[in-house]
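What follows is a set of notes on a single structure, which appears directly below.
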Amino acid sequence: MNPFDDPDGEFLVVADDEEQHFVWPGFAAVPEGWSVRFGPDSRAACLACVAAFWTDPRPRGPARAPRP
């Protein structure tokens, strides 16, 4: 079974520097430059977190960067 699909696994919600969010297996090292935003928790809870808080899937990039 793919560890990203394990319904009984422990997961994190991580984000990259473009504010794109991912569900990440709790046993795997978080990639350098990414940060944990939620978890550890169940896969279902992490998917719900992503759905609730990451409503714009586009990379942040220059057009979405916060203005000074």
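Please treat every number below as a calculation from the coordinates, not as lab data. Please read all numbers here as calculations on a predicted model, not as lab measurements. Glycine gets a Cβ as well: all are built from the backbone with ideal geometry, and neighbour counts include every protein chain shown.
Here are the numbers for this structure:
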{"quantity": "Total formal charge among the other residues, if their Cβ is under 9 angstrom from that of residue 33, Lys/Arg +1 and Asp/Glu -1", "calculated": "-3"}
{"quantity": "Degrees between helix 43-53 axis and first principal axis of the chain (Cα, 0 to 90, nearest 10)", "calculated": "20 degrees"}
{"quantity": "Cβ-defined net charge surrounding residue 11, 12 Å radius [Lys, Arg +1; Asp, Glu -1]", "calculated": "-3"}
{"quantity": "The chain: calculated mean residue ellipticity at 222 nm from DSSP helix runs of at least 4, using -39500 (n - 2.57)", "calculated": "-5500 deg cm²/dmol"}
{"quantity": "Dipole magnitude (debye, nearest 20) for the chain, charges at Cβ of Lys, Arg, Asp, Glu", "calculated": "400 debye"}
{"quantity": "Extension gain from residue 10 to residue 48, taking 0.36 nm per residue of separation minus the Cα-Cα distance", "calculated": "12.3 nm"}
{"quantity": "Local net charge near residue 49, Cβ-Cβ under 13 Å (Lys/Arg +1, Asp/Glu -1)", "calculated": "+1"}
